Amino acid sequence: MQTLIKLLPYSQMGLAFLLVVGVLLQQRGSGLSSTFGGAGVGYSTKRGAEKVIFYATIVISILFVIACILAVRLG
């Protein structure tokens, strides 16, 4: 149990880094014009690597929330 408490902050840092990378890899539109509402992109389905990154980001976020809850309960 003591080992888990010591390793938990490092796992949270790793998951946080992966979560940031996963969110940044998902791009909706390209360029500055899409930020301000210009050049809207129509609906498209996720395929290939985009779909894998999307689902991996969801899994990583769930693991991060579980790690945070464990840190509060154990710490």
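The values are calculated or read from the model by the stated rules, or taken from the named source; none is laboratory data. Computed from a predicted structure; not experimentally measured. Neighbour counts are summed over all protein chains in view; Cβ atoms, including those assigned to glycine, are modelled from backbone coordinates with ideal geometry.
Answer with yes or no whether Ile58 is loosely packed, with under 13 Cβ neighbours inside 10 Å and modelled with pLDDT of 95 or more.
Considered against the rule, which asks whether it is loosely packed, with under 13 Cβ neighbours inside 10 Å and modelled with pLDDT of 95 or more, Ile58 comes out as yes.
May I ask you to verify whether Phe64 is modelled with pLDDT of 95 or more, of a type in the set (Phe, Trp, Tyr), in a helix (DSSP H, G or I) and in contact with a Leu (Cβ under 7 Å, 6 or more places away or on another chain)?
yes
Could you give me the residue pairs with C-beta distances under 7 Å whose first residue belongs to region 44-69 and is more than 12 Å from Leu15 (Cβ to Cβ), whose second residue is of a type in the set (Lys, Arg) and at pLDDT below 90 wherever it lies, and which are 6+ apart or on separate chains?
Matching pairs, first to second residue: Phe54/Lys46.
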